[in-house]
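Engineer: Below is a structure I'd like to ask you about.
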Amino acid sequence: MICKAIRGTQDILPFEVELWNFVETLAKNIFGLYGFHEIRTPIIEDIHLFIRSLGEATDIVEKQMFVIERKDSRIVLRPEGTAGVVRAFCENNLYNTDPIKKYFYIGPMFRGERPQKGRLRQFYHIGVENLSADSPFSDVEVLLMLWKLLGRLGLKEVKIKLNSIGCQQDRDKFRGFLKEALKDKVKFLCQDCQRRYERNVFRLLDCKNPSCREVVSGVVDGDGFLCDQCQEHFSFIVEKLNSYGVGFILDKFLVRGLDYYNRTVFEVVHPGLGKGQDALAAGGRYDYLVSQISAGKIDSPAVGFAIGIERLLIAMDKEGLVDGFLEGQNLVDVVVVYQDRKFQNHAFNLVAKLRDLGIAVVMDFSGKSMKAQMRWANKVGARFVVILGEKEVAGAEISLKDMHNGTQFSVSELELGKSLLKLIKDS
Ligand code: HAM
């Protein structure tokens, strides 16, 4: 090995990819029911997009972005998807041309965090953004959609943590209160929180450090900072989620680490993910971001979320949902084996015909012995083996072996494709 994968990145191997595809396809199908359509934005973006949208004092902007320095610009590997989608929405005039304005995306994100299980430097998001979200029904809708997806994946131990952080005026009031209430307690906070007190006091609320928690919970009672409209907005969502039986808990300490949110914020947590990174998905409302990125040209309230696929799969694994899935998988349906090298060409042509019929099939090209080819077919996990021998090539009768029950039978070469299709369908 001349080098290994970079720390904090991981290979997604063929069997695992099947699981990823399954999750992604299910998500796409569910999102489609709600009118969300796929958008693909570049992985590299101008650094200013994230500095302006996520906020200068956020952990991501302060220390986690992978920056590529060019002669006349600074480009970053996107740390998240929302800002890029909003940029694309404004830049491509989707505001005027798209009557639905609901998007989803699936792709890699990059953050220079200290790697550990469930915390990577390259990880994947399945994200959705509704960029036309005036009503609290929109918040409810994305949460129901997320809940449906998690339910369809079979997850039982997930919980949604929910909070409202209010509008800008509420935030200003709350910020002032926090600053004042914590003024004399800063010295009892961890180093990060001491910095946060100056730069972004809300982040003190979700510090995981127990001593910071104690200080902060002593001063925050959580209620009282929401104006009437924000309170009404939030109560509507809570009521509606209750009526749909969604499993959520109200958490007044939930503030989220990105600056663009207002009103509704949420995280989906799972006990199998461990402390510090127990969220497998997160999101919320961001009513000012479109206006901010379009430099005031467009005003469009928005709400969305992103699921971290790796964490989702860890949670599924903890609930025993992955093994069963992988066990049922095979990479191909059929292996064609040949008795003698002189039949290789015949086998090759047969394989091509079967593929034309939509059958997944492989053969060995190296000229292994028949026995070795059979062993390989077993390893490959193919359900059926087609055997080409002297007799078969001469008589146009092909032998077929069912690898699950060991039975062997003959079919005419003409009928082979049809028979295999039926057998695969019934198996
Ligand atoms: P976020 O909370 O930064 O939100 O990321 C969403 C999810 O991505 C997390 O809950 C977690 O599952 C996963 N994630 C984050 N960082 C890592 C990491 N280093 N390794 C593995 N997984 C990770 C956002 O990015 C927002 N853009 C979500 C959103 C969309 N809000 C509105 N629309």
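Each value in this text was obtained by applying a stated rule to the coordinates, not by laboratory testing. Quantities reported herein were computed from a predicted structural model and do not represent experimental measurements. Virtual Cβ from ideal backbone geometry, glycine too; neighbours counted across all protein chains shown.
Engineer: GluC sites (Glu not before Pro) within region 301-341: which are DSSP loop residues with at most 13 other Cβ atoms inside 10 Å?
Structural biologist: In loop regions of region 301-341 (DSSP not H, G, I, E or B), there are no sparsely surrounded GluC sites (Glu not before Pro).
Engineer: Averaging over all projection directions, find the projected area of the Cα convex hull of the chain and quote it in nm² with one decimal place.
Structural biologist: The directionally averaged projection comes out at 27.1 nm².
Engineer: Note down the net charge around ILE309, summing +1 for each Lys or Arg and -1 for each Asp or Glu among other residues with Cβ under 11 Å from its Cβ.
Structural biologist: Net local charge, ILE309 excluded: -2.
Engineer: Using the 10 angstrom Cβ neighbour count as an exposure proxy, how do ARG78, ARG256, ARG355, ARG52 rank, fewest first?
Structural biologist: ARG355, ARG52, ARG256, ARG78
Engineer: If R0 is 25 Å, what FRET efficiency do you get for HIS48 and GLU198 from their C-beta distance, rounded to 0.05?
Structural biologist: The pair HIS48/GLU198 has a calculated efficiency of 0.60.
Engineer: Need the full-extension length gain, LYS117 to ASN345, defined as separation in residues times 0.36 nm minus the C-alpha distance. One decimal, nm.
Structural biologist: Residue separation times 0.36 nm, minus the Cα-Cα distance, leaves 77.3 nm.
Engineer: Take every Cα pair under 8 Å in region 43-177 that's 6+ residues apart, average their separations, divide by the length, and report that relative contact order as a whole percent.
Structural biologist: Across region 43-177, relative contact order equals 18 percent.
Engineer: If we sort 362-371, 395-404 on the protection proxy, mean other Cβ atoms within 10 Å, highest first, what's the order?
Structural biologist: In descending order of packing, they fall as 395-404, 362-371.
Engineer: Could you work out [θ]222 nm for the chain from helices alone, using -39500 (n - 2.57) per DSSP H run of at least four and dividing by all its residues? Round to the nearest 500 deg cm²/dmol.
Structural biologist: Numbers: 16 runs with 175 residues, N = 427.
That calculation yields -12500 deg cm²/dmol at 222 nm.
Engineer: Okay, next question. Which peptide among 40-46, 137-143, 105-111 comes first, and what is the full order, when sorted by highest mean count of other Cβ atoms within 10 Å?
Structural biologist: Result, highest mean Cβ count within 10 Å first: 137-143, 105-111, 40-46.
Engineer: Also, quick follow-up: Specify whether the C-alpha gyration tensor of region 127-213 places it in the rounded, prolate or oblate class, a ≥ b ≥ c being the square roots of the eigenvalues: rounded for a/c under 1.5, otherwise prolate if a/b is larger than b/c and oblate if not.
Structural biologist: Oblate is the answer for region 127-213, as a/c is 1.5 or above yet b/c matches or exceeds a/b.
Engineer: In percent, what relative contact order does the chain have, based on Cα pairs under 8 Å that are 6 or more apart in sequence?
Structural biologist: In percent, rounded to a whole number, it is 15.
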